[in-house]
Amino acid sequence: MEKKNLETTYSPKEFEKRIYENWLNKGYFTPKVDKDKKPYTIVMPPPNITGKLHMGHALDLTLQDMLIRFKRMQGYEALWLPGEDHASIATEVRVENELLKQGLVKKEMGREAFLEKVYEWSEEYREKIRDQIKKMGSSCDFTREAFTMDENLSRAVREVFVKLYNDGLIYRGNRITNWCPKCETALSDAEIEYVEHNGNFWHFRYPLSDGSGYLVIATTRPETMLGDTAVAVHPEDERFRHLVGKTLDLPLMDRVIPIVADDYVDSEFGTGCVKITPAHDPNDFHVGERHKLEAIRVLDDKGIINEFGGKYQGLDRYEARKAIVSDMEKLGLIEKIEPHTHNVNTHDRCGTVIEPIISKQWYVEMKPQAGPAIEAVRSRKTNFVPERFEKTYFHWLENIQDWCISRQLWWGHRIPVWYCDDCQEVIVSNDTPHSCTKCGSTNLREEEDVLDTWFSSALWPFSTLGWPNETEDLKYFYPTSTLVTGYDIIPFWVMRMMFSGLYNMGEVPFDTVFIHGIVRDAQGRKMSKSLGNGVDPLETIDIYGADALRFMLITGNAPGSDIRFYPERVEAARNFANKLWNASRFVLMNIDEELIEKYKDSTNYSLADRWILSKVNNLIEEVTENFEKFELGIALAKVYEFIWNELCDWYIELIKPVFYNGTDEEKGVSYRVIREVLIKSLKLLHPTMPFITEEIYTFLNDEETIMMASWPEVEKENIDAKIEDTMGGVIEAIKSIRNLRQEMNVPNKRKSTLYILPNEGKEEAFVSSKDYLIKLAYAEDVVILKEDNTDENNVSLVTSTARIYIPLLDLIDRDKELERLGKEKTKLESEIERVNKKLGNEKFLANAKEDVIQEEKAKAAKYQAMLDAVDERIQALK
Ligand SMILES: [Zn+2]
Ligand SMILES: [Zn+2]
């Protein structure tokens, strides 16, 4: 090797980019289909192309990269498949707004021109995202990168649509859908957010047609009365039974509507009479179907009253509400207005209040697919980590409604349906038909709508591997191994991938769903644009390096739990990297290849050697297990503790005397052990901090990379509890002695004699570690006692394995100490005098507040106690 040692200072910028490019060029991220090896697969949750990556992505990427690197080192063919999502509605809204700034209006541009612009946008943003993924150090295989709008993935979408249609699981129907009047599109239940809202219950009187009185109905949306086609009561409600079959005059609309009896009505609730608006309420829709009522839609796609709304036509839904209430008041038809707080459905992307509207949409029938998806988790074919998130999954699947999949947008997968204008035939096909399959006409109209963006993401685990083609990748890498994702998209994505995988592949898409939380700010708040508390991962990387950011994100990380972002923790991570860097430099500077080679078979280990070998093997065992259980935060904490404390603070210090004064053999053995232990530690740390471990590793080794090296194996024969116990006792003793010396302000160069009385059975430990005590506990000599013969002038220490005595005068210089104590005494006496004077002052006592006086008295007592202690020390020394 040309290079001999690391740069003098740790500066990640110098090497992170170089190392990443080397990995990429060498093809390390690209696994092969190798039947002799086991595959391990993660498909990356595809980031939306709507913007740059945030801290949540950074966490997501780090967790996946750690698992992939771990499994790769364990010898699996590890595939991490990256990609991006076209994010239909989110992207369309973004691009539409961008274009508007340039004076371009989507509808005026037309479908083709608009989509061209969106493609341009998608290319630009995909490149940005790719770049960010790389900066994080992600070892994903870009040769297999996928995009939901790719030709093959689009084919997969059409294939699934046609299959579902042919199986009778897709239908087009007039249903009540969640409609966003701002985005002008239908939405699925999963896109809705409930927001508490202060509104009213308006109690309206609807007069009976025969003039015999009126019924009172209550509503939170008065404007929908324009579309009322009945009032319903419960069939057994004594109050109204005699009115069923009679009619009412619908106020403001000049329409006669029937009174019907239906079980759906709850007599106990409200007035017991319910207005029925089949076109604007899901429950009313079903009542309408049962009673063959007309569904009159009175709102258009923008939420404005249409031609069926009489004189209110042209008014926005909320303007109409005001006008209607005011008109009803004038007519004396308001019984009362009750303030009422309720949850309203809003669109999660734009916050607009959703309007349930009847419209013709495409639906997937969900019940037949939900069953197998529930069963797969119940029977443990797929496991959630942590398990508690199963509940969310079951909850959504057990209450699932048919999935509205059509969206009135342009950006996305166009629904593969054509309508024959001559015979009204509906043609559902993978490929564009040239003529009607029924009448041969060429007057075909393509469906305008696109599919819900999640329709394509649902196919991600197999469409990205080449499905519907029977590719080698698909056969080898499916089912995938682990899905890493946030808990917030279980209903959107996880469950849809589950039922899609089962339906199309006949197998679950992944063995494990590893759920993580979100990244919050230091105060525990969600990072958001409006709060301006977001931290840009790239900026952090720029200052501290990707390794430090990754370290911070994994510190304290527990499956399923949110984490907080503390900037000072990134700094701590960099300090750790610094420490590792400097220790490695020290090792590289000292070890001597020739001596290592010469004594490569020697087993003359020192106590410290045997101790660190035992420790590192225990560490390997535990950390491997933590990785298998997805306890990545715990794994990292252990590796950190080991490197910082055992390796750098203890082992390197313990073997320094050997480095400087040992025999050739002692040196050869120590050099070999430190290099071996350092290499193993680097391997254990590599999944979290890939760059620094690579940089150091290549200096310690002739191998070209750590990432393809094998995960360390546990050497059981090196684990020795007795050695760990012995060394543990010695370390504890050294620590206590150092603490004592620090408390007493004893300089390191002032040596002391140590009298050690070991507990039963611990004698050998202290005898064999005399050298360590002399070096690290600043001992002049170590005397092992047989019995407790204490001198009063000794300071004593008790540890779990021994009593240690140090002659006081070894620690301090009597004259100097007396001088110091004398000064301390004078200082305290003058303080006491000052306070006493104050407390003797009548004026002060008369004017000062009670708590101020108490404070002064407390001071006097404190100084007195300190003075007593100083006097005692002076007496003892004299
Ligand atoms: Zn919206
Ligand atoms: Zn036809």
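Test Arg550 against the criterion of being within 18 Å of the chain's Cα centre (by Cα) and closer than 16 Å to His54 by Cα, and give yes or no. Spelling it out, Arg550 is indeed within 18 Å of the chain's Cα centre (by Cα) and closer than 16 Å to His54 by Cα. Looking only at segment 395-409, which residues are buried (at least 17 other Cβ atoms within 10 Å of the Cβ) and out of contact with any strand residue (DSSP E or B) (no Cβ under 8 Å at 6 or more places or on another chain)? Trp396, Leu397, Ile400, listed by residue number.
One residue is enough: does segment 801-808 have a residue meeting the conditions over 22 Å from Asn748 (Cα atoms), touching a residue at least 60 places away in the same chain (Cβ under 8 Å) and within 56 Å of the chain's Cα centre (by Cα)? Yes; the residues of segment 801-808 include at least one that is over 22 Å from Asn748 (Cα atoms), touching a residue at least 60 places away in the same chain (Cβ under 8 Å) and within 56 Å of the chain's Cα centre (by Cα). What are the residues in segment 341-390 that are aromatic (Phe, Trp, Tyr) and either touching an Asp or Glu at 6+ places or on another chain (Cβ under 9 Å) or closer than 26 Å to Thr177 by Cα (or both), if any? Those that are aromatic (Phe, Trp, Tyr) and either touching an Asp or Glu at 6+ places or on another chain (Cβ under 9 Å) or closer than 26 Å to Thr177 by Cα (or both): Trp362, Tyr363, Phe384. In segment 770-853, counting only strands (runs of 3 or more DSSP E) that sit wholly within it, the ones holding 3 or more residues that are exposed (fewer than 14 other Cβ atoms within 10 Å of the Cβ) span 779-784. Being buried (at least 20 other Cβ atoms within 10 Å of the Cβ) and either basic (Lys, Arg) or modelled with pLDDT of 95 or more (or both) holds for only one residue in Val260, Val265, and it is Val260. Under the condition of being without any contact (Cβ under 8 Å) to a residue 24 or more places away in the chain and not in a loop (DSSP other than H, G, I, E, B), which residue from segment 506-541 is nearest to Trp581 (Cα to Cα)? Here the residue is Glu539. Take Thr464 and tell me if it is more than 16 Å from ligand 1 (Cβ to nearest atom), farther than 24 Å from Cys183 by Cβ, over 37 Å from the mean Cα position of the chain (by Cα) and not acidic (Asp, Glu). No: the conditions fail for Thr464.
The residues of segment 427-456 that are surrounded by fewer than 22 Cβ atoms within 10 Å (Cβ to Cβ), part of a strand (DSSP E or B) and touching a helix residue (DSSP H, G or I) at 6+ places or on another chain (Cβ under 7 Å) amount to a single one, Val428.
Residue-wise test of (1) more than 30 Å from Thr453 (Cα to Cα); (2) touching a His at 6+ places or on another chain (Cβ under 8 Å); (3) assigned to a helix (DSSP H, G or I).
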{"residue": "Thr9", "(1), (2), (3)": "yes, no, no"}
{"residue": "Arg18", "(1), (2), (3)": "yes, no, yes"}
{"residue": "Asn22", "(1), (2), (3)": "yes, no, yes"}
{"residue": "Thr30", "(1), (2), (3)": "no, no, no"}
{"residue": "Pro45", "(1), (2), (3)": "no, no, no"}
{"residue": "Ala58", "(1), (2), (3)": "no, no, yes"}
{"residue": "Asp65", "(1), (2), (3)": "no, no, yes"}
{"residue": "Phe70", "(1), (2), (3)": "yes, no, yes"}
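Within segment 297-349, work out how many residues are of a type in the set (Phe, Trp, Tyr) and within 40 Å of the chain's Cα centre (by Cα). The number of residues fulfilling the criteria is 1. Checked against (1) at negative phi; (2) within 16 Å of ligand 2 (Cβ to nearest atom); (3) surrounded by fewer than 19 Cβ atoms within 10 Å (Cβ to Cβ), Gln424 passes all but condition (1). Among the conditions (1) modelled with pLDDT under 95; (2) crowded, with 24+ Cβ neighbours inside 10 Å, the only one that Gly501 does not satisfy is (1).
In segment 181-197, the residues that are more than 16 Å from ligand 2 (Cβ to nearest atom) reach residues that are hydroxyl-bearing (Ser, Thr, Tyr) and part of a strand (DSSP E or B) with C-beta atoms within less than 6 angstrom, at least six apart or across chains, in these pairs: Ala186/Thr177; Glu193/Thr346; Val195/Thr346. Within segment 442-454, one or more residues are of a type in the set (Lys, Arg), within 16 Å of ligand 2 (Cβ to nearest atom) and either farther than 30 Å from Ile192 by Cβ or within 23 Å of the chain's Cα centre (by Cα) (or both). Within segment 339-360, identify whether any single residue is farther than 22 Å from Asp488 by Cβ and assigned to a loop (DSSP other than H, G, I, E, B), and answer yes or no. Checking segment 339-360: not a single residue is farther than 22 Å from Asp488 by Cβ and assigned to a loop (DSSP other than H, G, I, E, B). Within the set Gly332, Gly412, the sole residue that is surrounded by 21 or more Cβ atoms within 10 Å (Cβ to Cβ), more than 16 Å from ligand 2 (Cβ to nearest atom), among the small types (Gly, Ala, Ser) and on the phi > 0 side of the Ramachandran plot turns out to be Gly412. In segment 409-426, the residues that are part of a loop (DSSP other than H, G, I, E, B) reach residues that are within 14 Å of ligand 2 (Cβ to nearest atom) and among the basic types (Lys, Arg) with C-beta atoms within less than 8 angstrom, at least six apart or across chains, in these pairs: Asp421/Arg445; Cys423/Lys438; Glu425/Lys438. Scan segment 46-62 for residues that are farther than 29 Å from Thr185 by Cβ and surrounded by fewer than 24 Cβ atoms within 10 Å (Cβ to Cβ) and jot them down. Within segment 46-62, Met55 is the sole residue that qualifies.
Given the structure, is Thr790 modelled with pLDDT of 85 or more and of a type in the set (S, T, N, Q)? In short, no. Residue count for segment 167-184 under the criterion of being within 16 Å of ligand 1 (Cβ to nearest atom) and either part of a loop (DSSP other than H, G, I, E, B) or surrounded by fewer than 14 Cβ atoms within 10 Å (Cβ to Cβ) (or both): the result is 4. Restricting to segment 382-404, name every residue that is of a type outside the set (Asp, Glu) and either closer than 13 Å to Phe499 by Cβ or part of a helix (DSSP H, G or I) (or both). The answer is Thr382, Arg388, Phe389, Lys391, Thr392, Tyr393, Phe394, His395, Trp396, Leu397, Ile400, Trp403. Only one of the numbered conditions (1) hydroxyl-bearing (Ser, Thr, Tyr); (2) over 24 Å from the mean Cα position of the chain (by Cα); (3) surrounded by 15 or more Cβ atoms within 10 Å (Cβ to Cβ) is violated by Ser379, and that is (3).
The C-beta contact set for segment 349-373 (first residue closer than 30 Å to Met505 by Cβ and touching a residue at least 60 places away in the same chain (Cβ under 8 Å), second residue within 16 Å of ligand 2 (Cβ to nearest atom) and among the acidic types (Asp, Glu), distance under 9 angstrom, 6+ apart or interchain) comprises Trp362/Glu447. In summary, strands (runs of 3 or more DSSP E) completely within segment 207-272 and bearing 1 or more residues that are farther than 25 Å from Lys322 by Cβ occur at 230-233, 247-250, 255-261.
Only one of the listed residues (Val484, Val535, Val508, Val513) is closer than 26 Å to Cys140 by Cα and touching a Lys or Arg at 6+ places or on another chain (Cβ under 6 Å). That residue is Val508. Residue pairs whose Cβ atoms lie under 6 Å apart, separated by 6 or more positions or on different chains, with the first residue in segment 653-681 and farther than 11 Å from Val587 by Cβ and the second among the hydroxyl-bearing types (Ser, Thr, Tyr) and in a helix (DSSP H, G or I), are Leu654/Tyr772; Val658/Ser670. When Leu187 is tested against (1) at pLDDT below 90; (2) crowded, with 17+ Cβ neighbours inside 10 Å; (3) away from ligand 1 (no atom under 14 Å from the Cβ), only condition (3) is not met.
Only one of the listed residues (Ile541, Ile515) is crowded, with 20+ Cβ neighbours inside 10 Å, more than 17 Å from the chain's Cα centre (by Cα) and closer than 27 Å to Phe627 by Cα. That residue is Ile541.
The values are calculated or read from the model by the stated rules, or taken from the named source; none is laboratory data. Every value quoted in this text rests on a predicted model; they were computed, and no experiment measured them. As a convention, Cβ positions derive from the backbone with ideal geometry for all residues, glycine included, and neighbour counts pool all protein chains shown.
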